[in-house]
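Quick notes on the structure that follows.
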Amino acid sequence: MSTNWETADILKSPMEICWQFDYSIGIDKLRRLYSKSKKLQWDAEQHIDWDREIDPSRPIVEEERFGYDRIPFLKKLSESQRQTFTAHAGAHRLSQFLHGEQGALMTAAALTHAVPDYEGKLYAATQTMDEARHVEVFERYVRRLAEVYPMSPVLKELIDATLTADHWVKIAIGMNMVVEGLALGAFHNMRRSTTCDLLRDIVENVLRDESRHVAFGNVYVGDAISQMHQDDREDVAQFAFDSLKMMVQATGGGDGKGRRARDPGFLTVLERANIDPGDFMRGIKEAMEEGVRMDQQPGAIHSFKDLMMPALVRVGAVTDRTRELFQAEGIPLYEDTSILESMEDLETGTVEVGDVV
């Protein structure tokens, strides 16, 4: 039965559309990135073995990384409840990637008609195809795991703000740096820890695409910001600050230790497993009081610290004025790009899928 969240949501964008009749290539790194993007296109039907079985009753990541296994309350549930919760909690999590990929599909299409340079349009077109493929594979996997869950409110708010931005640089920041940075870190961690061979195969293919998307942000957005009038740069920096603040408020802190805001979709997960939300929240509170933490494990990538914030600083999307705003909000600034650079290859646009930390 359809629910309200499944209906279409129409947005109006104020962004301009740009024709470009100068077909010369002005940014050589972007030309190489486009060339690599063409060579690395893959077909989800041919390159993914969908005949492999998945076990919905097992966490999509290892128990010690999944976190919920350490909550005493959940250990007291019946075997049936635990298996149902595991399958649907995994489907809820992966549904966010599915919805995020659709958002990336739309923003990449928007960049194609809005960026002012010929080579930028060519590259954005390849990213649009990448995102279409990602939507395809995650929708198919989530359906096999359980069901597609609604988009989390904060993710939708962030992508809506990106889609309705009035300048293509803001769209590239919102998607290629903030949302794609979040995805790149999450996919890296998932690839390392998943117990499902099918999901690992999917994520490895997606990771190679995502690395090019993040690299595009560095190559193209950095060049555009460097040529902006100071007023326009401040406007872009404000958008970057607002986007990160939105994410930090939802997750409870840029250090990754805060708790996420309650998600209506997750309440449905609890309903599917016949778990009372009040009991669940009390169980979480009791676990925290007993010292149980669901922090990231050693070797994991922290999307905010290692990818998003360094990427924004690197391209000049953080100014002296917005540095003060970050400080006033208690949001730490991270400028070390070593992990970010290890996950992107600006010459080839490919990701090193081995461990990088």
*asked:* Please compare each pair in 39/170; 170/285; 12/245; 39/156; 12/39 to a cut-off of 30 Å on the Cα-Cα distance and tell me which ones are over it.
replied: 170/285; 39/156; 12/39
_If I stretch the segment between residue 49 and residue 195 completely, what's the gain in nm (0.36 nm per residue apart, minus their alpha carbon distance), one decimal?_
51.0 nm
_Taking 19, 42 and counting other C-beta atoms within 10 Å, the order from fewest to most_ = 19, 42
*Using mean Cβ contacts within 10 Å as the protection proxy, how do 119-126, 265-272 order, highest first?*
119-126, 265-272
_Neighbour-count order for 171, 10, fewest beta carbons within 10 angstrom listed first_ = 10, 171
*asked:* Taking the Kirkwood radius as the inverse of the mean 1/r across Cα pairs, report the Rg/Rh of the chain.
replied: 0.96
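Between residue 281 and residue 140, 0.36 nm times their residue separation minus their Cα-Cα distance comes to what? Don't jump to the answer; show the numbers that get you there.
Details: separation 141, 0.36 × 141 = 50.76 nm, distance 3.11 nm.
So the extension gain works out to 47.6 nm.
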*Starting from the amide H of residue 61, placed 1.01 Å from N in the peptide plane, find each other amide H under 5 Å away whose residue is 5 or more places distant or on another chain.*
195
*Label zone at residue 38 (point 7 Å along Cα-to-Cβ), backbone N below 16 Å, segment 89-121*: 118-121
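Every number here is computed from the coordinates shown, using simple stated rules; none is lab data. On a predicted model such as this, the values are computed, not experimentally measured, just so you know. For neighbour counting, all protein chains shown are included, and Cβ atoms are generated from backbone atoms with ideal geometry for every residue, glycine included.
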